[in-house]
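Below you'll find the structure, written out as structure tokens, and then a few comments.
The values are calculated or read from the model by the stated rules, or taken from the named source; none is laboratory data. Predicted model only: the values in this text are computed from it and were never measured. Here the Cβ positions follow ideal geometry from the backbone for every residue, glycine too, while neighbour counts run over all protein chains shown. When the accessible area is computed, the model is the full protein with side chains, heavy atoms only, and any ligands, DNA or RNA have been set aside. Shrake-Rupley method; radii C 1.70, N 1.55, O 1.52, S 1.80 Å.
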Amino acid sequence: MRRAAALVFSTLGTKRRPSSRNLSRLLHGSPSVPQYPRLISSQRWPSRALQTVPDAAFPLPSHRRQRPNDLADLEETFEAASTTDEILSGFRALEASLDPGDKRLGLACLKVGQHLDSIGSEDHEKVLTFGLRALRILDVDGGSSISVVMALHVSGSASYNLRRFNDSLGFLNRANRILNTLESEGIDGEFDVRPVSHAVQLQLANTKTAMGRREEALVNLRRCLDLKVSILEPNSRELGTAHRDLAEAYACVLNFKEALPLCLKALEIHKVQLGQNSVEVAHDRRLLGVIYTGLEEHDKAMEQNQLSQKIMKSWGVGGSDLLNAEIDAANIHIALGKYDEAINTLKGVVEQTDSESETRALVFVSMAKALCNQKKFPDAKRCLEISCGIFEKKEYLSPEKVADAYMEIASLYESMNDFETAICLLKRSLAMVEKIPREQHVEGNVLAKIGWLLLLTGKVAQGIPYLESAAERMKESSGLKNFGVGYIYNNLGPAYMKIGRPQSAAQKFALAKDNMDVSLGPHHADSIETCRILANAYQTMGSYALDREFQQQVVAWRSHGSSAKDELEEAAKHLKELKKKAFGSLTEVIQEALSLASRNDSVPSKDG
């Protein structure tokens, strides 16, 4: 599935409040940034404020570098410019004719920045320079205006592309606060801020996704859908697609429960608008198959997959869409334990693929998955070697897809206990995701996986740095209290115990406990287990008082289930032993102190 958080948003207008039909057109064109506000010469409309800044008219500059008619011509030329060369040439001419603080120059900087951003310019520093310059000019009084919001959006987008995610988040959050103020207080009735708000929300989702804060990103994507619902015609085709896109986003984070009603709504809209057998309905049904698979409702998944394939075949839709649907069907067979049927399906797909295509590589990955489940490891490894050979040639063309594929292939080698090959593939994946701005959270996951496999193979000293780096990456992207960070600390604890550093181990276990108590809750099974391990670490160090304290927390655990009673009895038994040890150690200390005191009494002092 394509990444829903990377959806490309369309042209966004800031003219008079458009009709729903016009907004629909604006929401589905190109480029991805709000439309540049027109420069309105004060000579032509002397009493009217700038359209996108209704709260203040622009005063005439005190010093005129050009005659009024010449300046008006320059503005007209710049407004009419559409190509990059025309826009840059017009900007240079206008820049030479205006004072540095003239708001018309700020709007011109905004237009250049938006244009470069919309065409996907690789010079992100240049885009950021124009965005910041526009912001400095337009935001002199700290007021709330759409032009300031647009400058913040351009700056946030450029910072995102430069991997300065915290800067991007700062710009976009401020833009969002201004928009909230404008929407709550109301502005010029000629103006609709919803398309601009959509662009800001979408960029917020992209930035948070890149930082690994995918759950937070879903809130922004949900807001994007709400805005489209308020703008587009009810039950329009575009609205159906918007529901499906959000369903994909939820499916990407494995939240299939939330994805299901969204995808069903998309299917309902497309069936009404386009008919039962439209291509859009086929795409909806294919996604439904994936969602039902995630919900482990495999029969429903297979039903939707077969309906999807039937529609695509009736329309003569071939290529990757149909082949991917057949691969999905094979994966459903694997989930159902029908490995021979899966392999037969995949053999049919292989015959329809090019020898060096990504689809062919994915077919062999799925075939290896089926063979692994049949314990046919030599055949599975041959399939994986073929897929790796194809993916290796595409590392520079599709690094994101190849990195994901290497991670999946590594997990299959791991299931066959070929840990060295798994580690090698993960390191190749890591080398790619480090260079992809949107994959910061994935980087932490790959580092953690490499570290864990190194521990598993006895290479503890090599594994610890990977796990430490993984924890840092995850804290940067998801925050200290992300449960993934807790699990990493839980692996670091035994690693430090293994190399004879019990104090470092106890520190990591304590961090893991603090993390899990917040992220999972103190009564979660993993939180209780971490508490037990922490107590054992303190026991190893001879810190019986601390050991007893944490074992008391384990004993205080009250839960349900067949194993709860056994767990509780074991914890209580251990606590009883601890009390004996703690009392014994205290008695020894007292006896030693008394003995020392008696020896001191028997030795005459110098004064005596």
When the C-alpha atoms of the stretch 268-391 are aligned to their principal axes, what extent does each axis show, in angstrom, from largest down? 50, 30, 20
Near residue 456, within a Cβ-to-Cβ distance under 14 Å, what is the net charge of the other residues, with Lys and Arg +1 and Asp and Glu -1? 0
Here the convex hull volume per residue of the stretch 216-263, taken over Cα atoms and given in Å³, is 58 Å³
Short version: what are the Cα gyration tensor semi-axes of the stretch 371-481, square root of 5 times each eigenvalue, largest first, in whole Å? 25, 19, 10
Give the share of C-alpha pairs in each 10 angstrom bin for the stretch 83-228, from 0 to the last occupied bin, in whole percents, shortest bins first. 12, 39, 35, 12, 1
Sorted peptide list for 210-217, 106-113, criterion being average Cβ within 10 angstrom, highest first: 106-113, 210-217
Of 393/427; 126/228; 228/271, which pairs sit farther than 21 Å apart, going by alpha carbon to alpha carbon? 126/228
Could you derive backbone 3J(HN,Hα) for the stretch 297-311 from the dihedral phi with the Karplus parameters 6.51, -1.76 and 1.60 (θ = phi - 60°), listing whole Hz in sequence and x where the residue is Gly or Pro? 9, 5, 5, 5, 4, 5, 4, 5, 5, 5, 5, 4, 4, 4, 5
In a Debye calculation with equal point scatterers on the alpha-carbon sites of the stretch 215-302 and no solvent, what is log10 I(q)/I(0) at q = 0.12 Å⁻¹? -0.33
How much accessible surface area, in Å² rounded to 10, belongs to the heavy atoms of residue 283 with a 1.4 Å probe? 50 Å²
Give the residues of the stretch 299-322 whose amide nitrogen is closer than 13 Å to a point set 7 Å from the Cα of residue 354 in the direction of its Cβ. 319-320
What whole-number value in Å² describes the accessible area per residue of the stretch 242-352 for a 1.4 Å probe? 45 Å²
With the charge dipole of the stretch 252-340 built from beta-carbon charges (+1 for Lys and Arg, -1 for Asp and Glu) about the Cα centre, the Cα from 331, 319, 275 projecting farthest to the positive end belongs to 275
Sorted by chain and then number, the residues having a modelled amide H within less than 5 Å of the amide H of residue 191, at least 5 places away or on another chain, are 17
Summing +1 for each Lys or Arg and -1 for each Asp or Glu, what net charge is found among the other residues whose Cβ lies under 12 Å from the Cβ of residue 410? -2
